[in-house]
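The values are calculated or read from the model by the stated rules, or taken from the named source; none is laboratory data. The structure presented is a predicted model; accordingly, all values stated were derived computationally and were not measured. Here the Cβ positions follow ideal geometry from the backbone for every residue, glycine too, while neighbour counts run over all protein chains shown. With ligands, DNA and RNA removed, areas are computed over all heavy atoms of the protein, side chains included. Shrake-Rupley method; radii C 1.70, N 1.55, O 1.52, S 1.80 Å.
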Amino acid sequence: MSELDEGKLIEAARRVRELSVAPFSNFKVGAAVETEDGKIYTGCNIESASYGLTVCAERVAIWKALSEGERRFKGLAVVTGTEQLTPPCGTCRQIIWEFCRDTTVVLANLNGDSQTVRMSELLPRAFDARFLKEATREK
Ligand code: THU
């Protein structure tokens with residue numbers, strides 16, 4: 001497994017951000033997830049007129065990778081056009097944890113600022129399928 005190429009991941013997220021469909025918030029987000037063997041899948045946020053159906057960039061990237069059969073990931077980047085770096089929302093944190101585990105998350109903006117955090121910092125004491133095991137044993 002090669003090291004995470006943060007620059008390449010940020011660049012991919014920055015590019016896909018341009019495709020963001022965000023007519024309601026005008027808050028464009030791009031995300032890119034890298035598999036253990038170095039493949040990159042990207043996603044942008046897609047908003048719905050029925051606001052609650054909006055999907056974040058991170059989940060689009062992860063769904064695309066999973067639906068192509070990918071299961072092992074080594075990092076994810078999130079790029080926004082704001083000065084403040086944007087961390088994944090609560091729903092995305094849960095999904096990133098479930099499918100990418102304690103992966104590296106790179107937060108970046110268009111000014112070249114970036115920060116690297118681990119999922120366990122963003123979502124301490126996370127819930128996942130391991131907690132379901134006990135209940136499925138009891139009958
Ligand atoms: N959004 C993302 O795509 N990722 C995040 O981590 C935060 C929020 C999107 C959802 C919505 O389209 C817009 O940003 C404003 O919330």
Within segment 58-70, how many residues are open to solvent by less than 10 Å² (accessible area, probe 1.4 Å) and over 17 Å from residue 44 (Cβ atoms)? 0
Taking residue 34, is it in contact with an Asp or Glu (Cβ under 8 Å, 6 or more places away or on another chain), modelled with pLDDT of 95 or more and either β-branched (Val, Ile, Thr) or surrounded by 21 or more Cβ atoms within 10 Å (Cβ to Cβ) (or both)? yes
Quick one: would you say residue 73 is on the phi < 0 side of the Ramachandran plot, within 16 Å of the ligand (Cβ to nearest atom), aromatic (Phe, Trp, Tyr) and open to solvent by 10 Å² or more (accessible area, probe 1.4 Å)? no
Flag for residue 91 being in contact with a Gly (Cβ under 9 Å, 6 or more places away or on another chain) and more than 20 Å from residue 15 (Cβ to Cβ): no
For segment 23-39, what are the residues that are charged (D, E, K, R) and away from the ligand (no atom under 12 Å from the Cβ)? 34, 36, 37, 39
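Mind checking whether some residue in segment 125-139 is open to solvent by 30 Å² or more (accessible area, probe 1.4 Å) and in contact with a helix residue (DSSP H, G or I) (Cβ under 7 Å, 6 or more places away or on another chain)?
Filtering segment 125-139 down to residues open to solvent by 30 Å² or more (accessible area, probe 1.4 Å) leaves 125, 127, 129-139.
When the remaining residues are screened for being in contact with a helix residue (DSSP H, G or I) (Cβ under 7 Å, 6 or more places away or on another chain), the result is none.
No, segment 125-139 has no match at all.
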What number of residues in segment 50-70 are more than 21 Å from residue 18 (Cβ to Cβ) and away from the ligand (no atom under 12 Å from the Cβ)? 6
Taking the stated definitions as given, is residue 43 under 12 Å from the mean Cα position of the chain (by Cα) and under 22 Å from residue 67 (Cα atoms)? yes
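Only one residue in 80, 116, 91, 42 is in contact with a strand residue (DSSP E or B) (Cβ under 7 Å, 6 or more places away or on another chain), within 13 Å of the ligand (Cβ to nearest atom) and open to solvent by 30 Å² or more (accessible area, probe 1.4 Å), so which one is that?
Working: 80 fails: open to solvent by 30 Å² or more (accessible area, probe 1.4 Å); 116 fails: within 13 Å of the ligand (Cβ to nearest atom); 91 fails: in contact with a strand residue (DSSP E or B) (Cβ under 7 Å, 6 or more places away or on another chain).
Criteria check complete, one pass: 42.
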